[in-house]
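Q: Once you've had a glance at the structure underneath, I'll fire off some questions.
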Amino acid sequence: MLGINNNNRYNDYYLVNDLDMDEIGFDERPKKRCSRRCKIVLITVFLCTLAIIFLIIFVGLPLIFMNFITIQRILIFTHFNLQTTEEYFETYRLPAFKNKYITVKDLDGSTNQSLGAWQMLPVELAYKALHDEYFDYEKALLNSNYSVLIYFHGTGEDRSDNIRQYQLFRYYFHVIAFDYRSKYLYNYNQLWLRPLNTVFAEGLLSEKEVVNDCVQLYKWVLNKTNSPIYIWGHSLGSALATSTVAELENSKIYSKGLILESAFTSLHDELYVHPYGKIFSWLPWFAVTILNPLHKNGFIFNTASNILNISCPIMILHAQDDSIVPYQFGEKLYEIASNRSEEAHNTTFFYMFNKTLDYNHFFHLPGSISCILYNGLLDCCGKR
């Protein structure tokens, strides 16, 4: 009996303590309910955060781009972190060159703009200039036996970004490299401190204005030399170069030849495949918020259309591994240019650089290939 009573007291002790624990609240079921609620809250917060990020990036940014032409100008003619000072371009470590500033007028004819340019001597003349402090650059440009090449750089560049190219060009040409208009292209730190509607008051930045500047620069060079003039454009510069040649031919001024490096057919086509454009190109409102505003504001760059209005010889260069402007654009431009006239098949050339060369978009030609291209250019332009 004693054992039984002891066991009863033992069981009663745990029974009382179990009841006490229940009163205190040590129940597992509320814990499970709390855990589920926390998971639901966390998932909801996460999804809301994703939705907000989506709205900001894929709705907000396109809407901002659509409604602010200033932002369109900045992103099309990208010039972040480029040099602005005259001293930089005057003292650049480049042999036998002169830094110049050419005055051009806006389309309305009332406002002057200043375009910075480099005149770089051919290698043969450069050796003479380096040993003659009185060497006459103006006379060398006027009476040189070398043809002149005007170089149109791409967006995000200035005239100091393609030195290796110039050094190769100078074996065959007198080279003129220049920058596009507006000091505000280079002064982004101060730009954001100004009201948006006054940022480009001193010089509107548009495709038509830039092409108008390029036409005037070409005429300036034309008045300074008796030599044939070639035009070389890279990427966006190819579109500007093509438009410039077309405008010149409307005025009965003919270039010796046009070279297009990494060219696209039109800005509309390029934005669908550009690394940045592809971020937004899948959106149903891509055309409404990105493409249509650019076209409305005159940022068209339709090389495929402008090339039909050109009669001079054309050479098209493209790298097979170009990740910014796919080589298919070069092939398409070659097809169009080859059919612009009955004789065009004999004056249009296309060079595709194999992807194994790893040239990509900003390729720099070795001397051997540049020599081959130069000989091909002579054949293309009927100089032989």
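Q: Highest mean first, what order results for 333-339, 277-283, 67-73, 151-157 on Cβ atoms within 10 Å?
A: Ranked from most to least packed, the peptides come out as 151-157, 333-339, 67-73, 277-283.
Q: Shifting gears a bit: Step through the residues of the stretch 282-293 one at a time and calculate ³J(HN,Hα) from phi using the Karplus curve (6.51 cos²θ - 1.76 cosθ + 1.60, θ = phi - 60°), rounding each to whole Hz and writing x for Gly and Pro.
A: Listing the rounded values in order: 7, 6, x, 9, 4, 5, 5, 9, 10, 5, 5, x Hz.
Q: Let me ask you something else. List the residues whose amide H sits under 5 Å from the amide H of Phe350, counting only those 5 or more places along or on another chain, with H placed 1.01 Å from N in the peptide plane.
A: Ile316
Q: Taking amide H atoms as placed 1.01 Å from N in the peptide plane, list the residues 5 or more away in sequence, or in a different chain, whose amide H sits under 5 Å from that of His174.
A: Result for His174 returns Ser147, Val148, Leu149.
Q: Please identify every one of the GluC sites (Glu not before Pro) in the stretch 82-141 that sits in a loop by DSSP and has no more than 13 other beta carbons within 10 Å of its own beta carbon.
A: Glu133
Q: Per residue of the stretch 332-344, what does 6.51 cos²θ - 1.76 cosθ + 1.60 with θ = phi - 60° give for ³J(HN,Hα)? Whole Hz please, x for Gly and Pro, Karplus curve as stated.
A: These are the phi-based 3J(HN,Hα) values: 5, 5, 4, 4, 5, 5, 5, 10, 6, 7, 5, 8, 4 Hz.
Q: For the stretch 247-310, what is the convex hull (Cα atoms) projected area averaged across all directions, in square nanometres?
A: 5.3
Q: Multiplying the sequence separation of Phe46 and Asn297 by 0.36 nm and subtracting their Cα-Cα distance, what value in nm do you get?
A: Values: separation 251, 0.36 × 251 = 90.36 nm, distance 3.90 nm.
Length gained, Phe46 through Asn297: 86.5 nm.
Q: Amide H of Gln113: which non-local residues (sequence gap of 5 or more, or other chain) have their own amide H closer than 5 Å, using H built in the peptide plane?
A: When sequence neighbours closer than 5 places are left aside, the close amide H contacts are Val104, Lys105, Asp106.
Q: What is the sum of charges, Lys and Arg at +1 and Asp and Glu at -1, for the other residues whose Cβ falls under 13 Å from the Cβ of Ile253? Walk me through the numbers before you get to the answer.
A: On the way: positive: Lys219, Lys252, Lys256; negative: Glu247, Glu249.
Its environment carries a net charge of +1.
Bear in mind that the values in this text are calculations on the coordinates, not laboratory data. In this text, all values refer to a predicted model and were calculated from it rather than measured experimentally. Positions of Cβ are generated from backbone atoms using ideal geometry, with glycine treated the same way; all protein chains shown enter the neighbour counts.
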